[in-house]
Amino acid sequence: MDIPYTVEVRRDTGLNNGKIGIWLFLASEVMLFGALFASYILIRTGAHSWPRGDTILNVPLATFNTIVLISSSVTMVMAWASLMRHRFGTFRLYMGGTILLGFVFLVVKYFEYGHKFHDGLFPSTNNFLAIYFTLTGLHMLHVFGGMCVNAYFWGPGSKLWKTNPEWFTNRVENSGLFWHFVDLVWIFLFPTLYLL
Amino acid sequence: MTTDHAADIDRHVRVYITVFVALMVLTIVTVSIAEFHLPLPIAVTVALLVATIKGSLVACYFMHLISEKKLIYAVLLLTAAFFAALLALPVLTVHDGFWIR
């Protein structure tokens, strides 16, 4: 049995099922990160003293990672636009670029974490580092998850383009919505943890 | 693909490039402002204001929220209400013993 409403829109929602599904998922993600942000506010406002992020964390590296993630959002949306223009080769270039930029982000985080551990700074060291590792760790998992989905659409999943290009384009758009959400979360994490 | 459709996508691509440049500029603004070591309440306000502008650009243009269906807006409105309530929870603890005993 075929999956219903993958391309055509439902009359009651005005959307295909994939689109409404990804937005409901993102709504749950907002609450997940929202709970952690609320915890951060509670812990910080309740603390007698709180270090400025830039005294402990590496701001230039985080700024570089911000630029990397924003760039990956652009390549992601360009990948989708390429499919809309029926240019599959260009799609693969942009999608490959998105995956590569995600990888660069994770490599930079690896060095950042490694440096912290080398200096004896662990989540158990203090509340600031606990919230830093929790929030950035969860965010990194999301980057990794997004990369896996994008890699699937770049590789084996792209076979769908030959049989049902519209469905494939919709799937890439939904994958892009997740990727942009991950970028959006970082846009708030960066000043909150590193600069304030 | 019709000529109109192609022109429409080209217009979208130009918007994406413009938004990308705006996001880069705002990232530089965020980092530059932090160099001034402003008092914390002002620093928090400015940093979150710039982050909100950047986030809105991503949501509106990259995530196409600027031209989305009503149902998506309804879902997000509900999410925003719960998110605001969640962020407000720590505030309740400030009023010593009034809300939380």
message: Given a 10 angstrom Cα cut-off, can you work out which residue in B:Ala34, B:Ala81, B:Ala43 is the most mobile in a GNM of chain B?
response: B:Ala81
P(r) histogram, all alpha-carbon pairs of chain A included - 10 Å bins from 0, percent: 8, 32, 30, 18, 10, 2, 0
For chain A, built as a Gaussian network whose Cα springs stay under 10 Å, the top-fluctuating residue of A:Val185, A:Val68, A:Val30: A:Val30
message: What distance in nm separates the two pseudo spin-label positions at A:Ala130 and B:His37, each 7 Å out from Cα along the beta-carbon direction?
response: 2.9
field: Cα long-axis angle, helix A:165-189 against chain A (0 to 90 degrees, to the nearest 10)
entry: 10
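Arranged by the count of other C-beta atoms within 10 angstrom, fewest first, what order do A:Met1, A:Met76, B:Met24, A:Met31 take?
Numbers: A:Met1 3, A:Met76 31, B:Met24 16, A:Met31 12.
Fewest-to-most ranking of A:Met1, A:Met76, B:Met24, A:Met31: A:Met1, A:Met31, B:Met24, A:Met76.
Which value, in debye to the nearest 20, gives the size of the charge dipole of chain B about its Cα centre, when Lys and Arg are +1 and Asp and Glu are -1 at the Cβ? Intermediate results must be reported in sequence, preceding the final value.
Details: 6 positive and 6 negative charges, 38 e Å.
About 180 debye.
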- request: Using only the Cα atoms of the range A:1-88, build the gyration tensor, take square roots of its eigenvalues as a ≥ b ≥ c, and label the shape rounded, prolate or oblate: rounded if a/c is under 1.5, else prolate if a/b is larger than b/c, else oblate.
  value: oblate
- prompt: Is chain B rounded, prolate or oblate when judged by the Cα gyration tensor, a ≥ b ≥ c being the square roots of its eigenvalues, rounded requiring a/c under 1.5 and prolate requiring a/b larger than b/c?
  reply: oblate
- request: Choose one of A:Leu121, A:Pro51, A:Gly176: the residue whose Cα lies farthest towards the positive end of the charge dipole of the range A:17-195 (beta-carbon charges +1 Lys, Arg; -1 Asp, Glu; about the Cα centre).
  value: A:Gly176
- line: Net charge (Lys, Arg +1; Asp, Glu -1) of residues whose beta-carbon lies under 13 Å from that of A:Glu166, A:Glu166 excluded, is +1
query: Of A:Leu135, A:Leu36, A:Gly102, which is farthest along the charge dipole of chain A in the positive direction, counting Lys and Arg as +1 and Asp and Glu as -1 at C-beta?
result: A:Gly102
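Compute, for chain A, the length of the dipole vector about the Cα centre, with Cβ point charges of +1 (Lys, Arg) and -1 (Asp, Glu) only. Units Debye, rounded to 20.
Working: 13 positive and 10 negative charges, 66 e Å.
Roughly 320 debye, rounded to the nearest 20.
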- line: Here the FRET efficiency for B:Val15 versus B:Leu49, based on Cβ atoms and R0 = 22 Å and rounded to 0.05, is 0.45
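Only helices at least 20 Å long along their own axis, judged from Cα atoms, and with Kyte-Doolittle mean hydropathy of 1.6 or greater: name those in chain B from DSSP H.
Going by DSSP H runs, the hits are B:40-57, B:70-94.
We did not get these values from a lab; they are worked out from the coordinates using the rules stated. As the structure is a computational prediction, the values presented were derived from the model and not from experiment. Note: ideal-geometry Cβ built from the backbone for every residue, glycine included; neighbour counts use all protein chains shown.
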